[in-house]
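Visitor: To start, I am sharing the structure in question, which I have written as C-alpha cells.
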Amino acid sequence: MNRDLPVADRQQVRRAALRLVRRDVPGFTATLLLNCLAAAAALVSPWLLGRIVDSIGAGGTVDLLAAIAVGAALAQLVLSRYAEKTGHRFSERVQERIRAELLDRVLALPAATVEHIRTGDLTARGTTDVAVVGSTLRDAAPEILVSSLQALFLIVAVFLADPVLGACGLIALAGIAAASRWYLRRARPAYLEEGAARSELAEHLAANAAGARTIEALGLQAKRTRAAERVIERGRTAQLRTLFLRSVLWPSVEVSALLPPVLVLLLGGVLLDRGQVTLGAIVTCVLYLRQLGQPIETILIWLEQLQSSAASFARIEGLATPARREVAAAAPQGDRIEAAGVHFAYEDDDVVSGVDLSVRPGERLAVVGPSGAGKSTLGKLLAGIDRPRLGTVTVGSVPVADLSPARLREHVVLVTQEQHLFLGTVRDNLLLADPSAGDDRLDKALAAVGADWVASLDDELGSLSSGAALGPDRVQQLALARVILADPHTVILDEATAMLDPRTARRAERSLAAVLEGRTVIAIAHRLHTARDADRVVVMDDGRVVEVGSHDDLVAAGGVYETLWRSWYGSRSAGAR
Ligand code: ADP
C-alpha cells in the first residue's frame with residue numbers, strides 16, 4: 001500500500017500560486033506598482049550623471065541636473081521603503097492563507113489516507129515545509145520581485161542610452177543565463193529529494209521515540225541504528241547534490257557579472273575614438289550595467305531558496321490531491337453498505353481475502369470468528385478507515401474510503417474501545433460530531449447515553465478544560481453521545497465495551513442500545529451472545545467469510561460457528577457453575 005503523500009506537479013503549483021495572488025489582487029497590484037515606481041526612480045541618477053559628464057565636456061552648468069539627481073535618489077528611497085512594506089504585508093497575508101489551507105486539507109484527508117500515511121511526512125510538511133515557504137514569501141518573494149523589476153528597467157534603460165553598448169552588455173549576460181538554466185533544470189528534483197529525505201528522517205525519529213520501549217524490549221537498538229544511518233546517509237547525499245549545484249552556479253555567476261561593464265568600457269573606448277558615442281552615454285551604460293549586477297545577484301541568491309521553496313510548496317499542495325478525490329466522489333445514494341471482492345494486507349500477506357458482503361439498511365449483523373481472523377480489519381474497511389487493496393467497499397455506491405471525515409460520519413461511524421477526548425470542554429468534544437448542534441441537541445444526546453454526571457460539572461457543558469480524568473465508561477459515553485450527534489445510518493462496533501468492568505459494561509451496553517436504535521449495526525462480536533441476537537451472523541476464518549446465516553441456522557448446520565458457539569457457551573456454563 002502506498003504510504004507516501006502525493007506531491008503536486010509543476011502545473012498544480014503554478015495554478016496554486018496564481019490562486020493565492022488572485023485572492024489578494026489589490027495587495028499584489030499595490031506591491032507591483034510601488035516597486036515599478038521605485039525601479040524607475042533608480043534609473044534617473046545614472047542617466048543624469050551621463051548628462052552631467054557630457055554637459056561638463058561641453059562647458060555647461062550642472063546645478064539643476066545635480067539637484068534633480070538628488071531629488072530622484074530621495075524619491076527612490078521613499079518609494080522603496082513603501083514598496084517593501086506593502087510587499088511584506090502581502091506576503092504575510094499569503095502565508096497565513098497557506099497555513100489555514102494546510103490545516104483545512106489535513107483535516108479533510110479521508111480517514112483511509114490518514115491511517116496509512118507516514119506521520120513524519122505529514123509533520124515535516126506541516127512544519128519545515130510551511131516554514132520554508134513562509135520565509136520565502138516574507139524575504140525572497142519581495143526581493144525577487146523588486147530585483148526582477150529593477151533588472152528589467154535597467155536593461156531597457158541601457159538600450160535606450162545606447163543600443164550598441166546595450167547589446168554588448170547583454171551578450172555578456174548570456175553567461176549568467178546559461179548557468180542559471182543549467183542550475184534550474186537540476187534543482188527541482190534535487191530539492192524534492194532533499195525534502196523527501198527530511199521527511200524520512202522525521203518519520204524515523206518519530207517512530208523511534210514512539211516505539212522506544214518496544215525497541216529496548218526486543219533488543220532492536222542495533223537494527224534501528226543501522227536503519228537510521230541509512231536514512232541519514234540519504235539526507236547527506238541529497239544535501240551534497242544541492243551543494244554541488246550551488247557551487248557550480250555561483251562562480252559562473254560571479255565571473256559573468258563582471259564581464260558586461262568591462263566589455264562596454266572596451267568597446268565604448270573604440271566607439272568614442274571614432275566619435276560614434278559620447279562619453280556621457282558610456283558612463284550611463286557602465287553605471288546601469290554595474291547596477292544590473294546587484295539585482296541579478298539578488299535574484300540568483302533567492303532563486304536557490306525559491307527552488308527549495310517551490311519543492312516545499314509542491315509538497316504542501318500535494319495534500320490537496322487526496323482531498324480533491326473526495327470532492328470528486330459523488331454523494332452516496334442510499335444506505336446500503338456493500339463489500340465486493342475485498343482484499344486487504346497490512347504487509348505482504350492478505351489478512352482479508354475475497355470478502356463479499358451486502359448489509360441491508362436496518363440489519364443487525366454480527367461478525368464472529370477466532371482471534372486474528374480479520375474481523376477488526378473488516379470493520380475498519382467497512383468504516384472507510386482502511387482502503388481495500390483489491391475490490392470495493394461502498395456506501396450507497398460510493399467508495400467509503402473516499403469520503404471526507406465530515407461526509408463519512410453522516411453515514412458510517414466505527415465505535416471501538418479506543419476513544420479519544422480532546423482537551424477542552426464537553427461541548428467542544430461533542431461538537432466535533434456536528435459543529436452546528438445546539439445545546440438542546442447536546443443535552444438530548446447526553447441524556448440518551450445516560451451521561452447525567454455532566455450536569456454536576458461546575459458549569460455543565462464547559463468543564464473538561466482542566467483535562468479532568470474521566471473514567472473509561474464516561475469517555476465511552478461521550479463517544480456514544482458523539483455518535484448520536486453525528487447521526488450515521490450505520491454503526492460498526494468493535495469491542496466497544498470490552499475494556500469496561502462488568503458493572504460499567506452493563507451500563508455502557510444500555511447507553512449503546514439507545515445509540516443503536518433505528519440504525520444498521522455491524523457488531524464485531526467477541527462475546528457470542530451478541531451473535532445470537534443478530535439478524536445474520538458472518539463467520540470469518542483466516543481472512544475469509546466461511547459462513548453466513550442466522551444463529552439458529554448456523555448452529556443447526558454444525559459448521560465452524562456451531563463449534564465456536566459450543567466452546568463459548570460451554571465455557572460460560574462452566575464458569576457459571
Ligand atoms: P481479529 O479482529 O479477527 O482478531 P484482526 O483484523 O485484528 O483480527 O487481525 C487480522 C490479522 O491482521 C492478524 O494476523 C493481525 O496480526 C494482523 N494485523 C492487525 N492489525 C495489524 C496492523 N496494524 N499491522 C499489521 N498487522 C496487523
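What follows is calculated from the coordinates using simple rules that are stated; it is not laboratory data. Just so we're clear, the structure is a prediction, and the values are computed from it rather than from any experiment. Cβ coordinates were reconstructed from backbone atoms using ideal geometry, including for glycine residues, and neighbour counts include every protein chain displayed.
Visitor: Please report the projected area of the chain's Cα convex hull averaged over all directions, in nm².
Guide: Convex hull of Cα atoms, orientation-averaged projection: 35.8 nm².
Visitor: For the stretch 103-203, how big is Rg over Rh, using alpha carbon atoms and the Kirkwood form of Rh?
Guide: Rg/Rh: 1.21.
Visitor: If you take the Cα atoms of the stretch 337-576, find Rg, then find the Kirkwood Rh from the mean of 1/r over all pairs, what is Rg/Rh?
Guide: Rg/Rh: 0.99.
Visitor: Once R0 is set to 35 Å, what does the formula 1/(1 + (r/R0)^6) return for the Cβ-Cβ distance between Glu363 and Leu421, expressed as a FRET efficiency to the nearest 0.05?
Guide: 0.65
Visitor: Then there is this: In debye, nearest 20: dipole of the stretch 337-576 around its Cα centre with unit charges on the Cβ of K, R (+) and D, E (-)?
Guide: Here the stretch 337-576 has a charge dipole of around 360 debye.
Visitor: How tilted is helix 10-22 with respect to the longest principal axis of the chain? Cα atoms for both, answer in degrees (0 to 90, nearest 10).
Guide: It works out to around 80 degrees.
Visitor: On to the next question. Please report Rg (one decimal) and Dmax (integer) in Å for the Cα set of the stretch 142-199.
Guide: When restricted to Cα atoms, the stretch 142-199 yields Rg and Dmax of 16.6, 53 Å.
Visitor: Taking the Cα atoms only, what angle lies between the long axis of helix 472-486 and the longest principal axis of the chain, rounded to 10 degrees?
Guide: 70
Visitor: Pairs of alpha-carbon atoms within less than 8 angstrom and 6+ residues apart define the contacts here; what relative contact order does the stretch 337-576 have, in percent?
Guide: About 27 percent, as a whole number.
Visitor: Among 117-127, 406-416, 18-28, 310-320, what's the highest-first ranking by average C-beta atoms within 10 angstrom per residue?
Guide: Descending packing order for the listed peptides: 310-320, 406-416, 117-127, 18-28.
Visitor: Oh, and also: Against the longest principal axis of the chain, how steep is helix 25-57, in degrees 0 to 90 to the nearest 10, with axes from Cα atoms?
Guide: Orientation of helix 25-57: about 20 degrees from the principal axis.
Visitor: Moving on to the next point. Averaging over all projection directions, find the projected area of the Cα convex hull of the stretch 1-156 and quote it in nm² with one decimal place.
Guide: Averaged projected area of the stretch 1-156's Cα convex hull equals 11.8 nm².
Visitor: Report the local net charge at Ser91: Lys and Arg +1, Asp and Glu -1, summed over other residues whose C-beta lies under 15 Å from its C-beta.
Guide: With Lys, Arg at +1 and Asp, Glu at -1, the neighbours total +1.
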